[in-house]
Structure formats: C-alpha cells, structure tokens
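Report on the following structure.
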Amino acid sequence: MNRLPLLVAFCCGLAACAAPAMAIDRVKLKSGSQATGTVTAISPTEVVVELGATKRPHPVNEIDSITFDEEPNELTQARFAVATGRYADATELLAKIKSGQVKRPAVAQDVEFYKAIAGARAALAGQGSVADAGRALVAFERAHPESFHYFEVCEVLGDLLSTANLPDRAEGFYSKLAAAPWPETKMRAAVLQGRALVGQKKYQPAVAKFDEALAMTATGDQIDALKLAAMLGKAEAQAGGGGFDQAVGAVETIIAQADPENQELHARAYNVLGNCYRAAGKKQEALLAFLHVDLLYSRFPVQHAEALANLATLWAEVDKADRAAQAQSTLLEKYPQSAWAQK
C-alpha cells in the first residue's frame, strides 16, 4: 500500500493547524448589511476588510460600527452603551479593561476612543466637565490622526468648544471636518462653521457660509434636513445683524416645513425664534418660543439648557419670580456643567 498520499495529507493538516488563524472582524454598515473578514487597513476615509483573496474598502461614512475579533466584552458592551446614550455605563465598562489586556493595536485604539467619546458626549449633555472631556479628545485626535473615528472626533471637539463658548476654536475643528470627501459631511461642516461664526458675532461671514451650504447640489433626506439647518442658521445670522422680522418669518417657515421627527431641528428653531423675539423686545412671544423647547424638546440637553437660561431671565423680567427660580433651579440641577448654567 502506498502510504505517501496519507503522509502528505497528514503533514498538510499539521501545517494548517500551525498557521495563525485570521481574525474575523464584523463591520456593521448603515445600510443594515455586514462585512465580515479581517480589517487590514484603517484611515479617516475608509476601512479595508480582507476575506480570503478579496480586499474590499468601505467608506467610513457608510460604517455604523466595527466589532473586532476577540475584543474584550466590555468594549462591545460600551460601544452599544455609547450608541444608546448611556455614557456613564460605557465609562464604567471601559474602566474594567486592564492595561496590557489588549494586544491588537486597532482594538486598543478603539478602547481609547470610546473612553474619550463617552466623556465628551456626557459633557455635551451637561453631565461632566467639558474641559476634561476636551483634553481627552484632543489627546486622541493628536495621537491617532489615521483613525476611522477622526472626523467624528473633530466634530465633537468643535461641539465641546462651542458649548464652552469658544466658537473661534470650534471653527478650526469644523474646518477639519470640512476636509472629509462626502457631500453630506461637507454640508454639515459648513452649517457648523456658520454657527461658530454666529457665536463670534461675525454675521455676514456666517450668512456666506450658510449660503455655501445651501448652494451644494447633493440630494437625499439627510441633505434636505441639513439645508433646513442651513436656512435656520442663516436666519439666526440675519437676526444678529438686526433683521428680526425677516428672521422670524424664515424660522416660522422652517418650523412648518421640517419633518416632525427632526425634533432637534425644531428645538433649535424655537430657540432661535425666542432669541429673535427677545432681541426685538417682544417678551411674551419669546417666552412662548422658549417654553416650546422646555415642554416639548427637553431631551436635547444643549437646546434645553439654552431655553431654561432664557426662561429664567424672561420670567424675572415679567415679574414671575417663582417661575424664574424654577427655571434656574432646573438648569442648575440638570445641566450644572453647561455654559448656560455658568452665566
């Protein structure tokens, strides 16, 4: 009997057992599908997944999340906690991952990212120190400019600086976001840059930036929502320049046109409307606008804090001291770290 084929097969089997297994990572796409394989390359714009002889790049703007092979369970759970707004839970989970426990660089970087982003988003919700969160996120941005989270980091850093009433510095990070290659990201960056210019009282440059966003020719539901946000920003800039009546008309049109499901835009719109009325000396109309945010859109911390701060002042101005005290108390209780609470 010829034993050579059996010997060859046995040796091949040993070699296969000795060969390192390829990592099986899972890239969840926003479309609902999933790419499985080994993540072999990461950049701010794409992630490459290799499966057998096939290498497939996935644009970062199409990626919902990545679960890496053999990552700590705490990271998997923390990623979900961040996605569902449970930032304190995410921070607690990530703290359980011991130094040196993670060997794969991509996984270690994701742990670092989620630690920073959980703190940042908690701070934006008024539940933590904006300064501390900013320092952690800046450290990540500087250490990992190749991260597929890079543009998200730049946007959140801009948001933190805006919350800290540093719109000039926020504009710099929004400018980095504008370097992304995707139309919807470029439009969002233009809207955010425009808001930062409004925060600096640079109203004419802000109008120009919002017009830049409105001139973009991309289409889709996300683009439509961003165009309404740009229209709202332009109205706010016009109001800052003294065009209150024009701004009020524009904001009321936006409220009528905006998808009721886009509640954050509605919250921002009513705050802008309130600020327009307040600047025009129409206190009762301003109160009604800010009350919309307090009663209907309190789930948006940044907008709610702004509305409460304005309500506290306006109630005092119309001799409603008890309601002014209630608004101030709610502001300090719910958003103690907010810039509005510090004023």
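The values are calculated or read from the model by the stated rules, or taken from the named source; none is laboratory data. Please read these numbers as outputs of a predicted model, since none were measured by experiment. For neighbour counting, all protein chains shown are included, and Cβ atoms are generated from backbone atoms with ideal geometry for every residue, glycine included. The accessibility values were calculated without ligands, DNA or RNA, using every heavy atom of the protein model including side chains. Shrake-Rupley method; radii C 1.70, N 1.55, O 1.52, S 1.80 Å.
Structure values in brief
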| item | result |
| --- | --- |
| Check: the chain dipole with +1 on Lys, Arg Cβ and -1 on Asp, Glu Cβ, in debye | 520 debye |
| Shape category assigned to the range 93-227 from the gyration tensor of Cα positions, a/c cut at 1.5 | prolate |
| Accessible carbon and sulfur surface of the range 267-343 relative to its total accessible area, %, 1.4 Å | 50 percent |
| Unit charges on C-beta of K, R, D, E only; dipole of the range 19-93, Debye | 280 debye |
| Calculated [θ] (222 nm, deg cm²/dmol) that DSSP helices of n ≥ 4 give over the chain, each run adding -39,500 (n - 2.57) | -21000 deg cm²/dmol |
| Answer label for semi-axes √(5λ) of the Cα gyration tensor in Å (calculated), chosen among [x] 31, 24, 21; [y] 48, 23, 16; [z] 31, 27, 19 | [y] |
| Simple Cβ-charge dipole of the range 216-343, Lys/Arg +1 and Asp/Glu -1, about Cα centre, in debye nearest 20 | 300 debye |
| Signed unit charges on C-beta, dipole axis of the chain, positive-most listed residue ALA23, VAL248, TYR277 | ALA23 |
| Shape call, the range 188-334: gyration tensor on alpha carbons, a/c limit 1.5 | prolate |
| Degrees between helix 105-124 axis and first principal axis of the chain (Cα, 0 to 90, nearest 10) | 10 degrees |
| Per residue accessible area in Å² of the chain, where ligands, DNA and RNA are left out and the probe is 1.4 Å | 51 Å² |
| Translational diffusion of the range 12-156, µm² s⁻¹ [Kirkwood Rh, Cα pairs; Stokes-Einstein; 25 °C; 0.890 mPa s] | 151 µm²/s |
| Global form of the range 125-198, assessed from the alpha-carbon gyration tensor, a/c cut-off 1.5 | oblate |
| Cβ-defined net charge surrounding PHE80, 12 Å radius [Lys, Arg +1; Asp, Glu -1] | 0 |
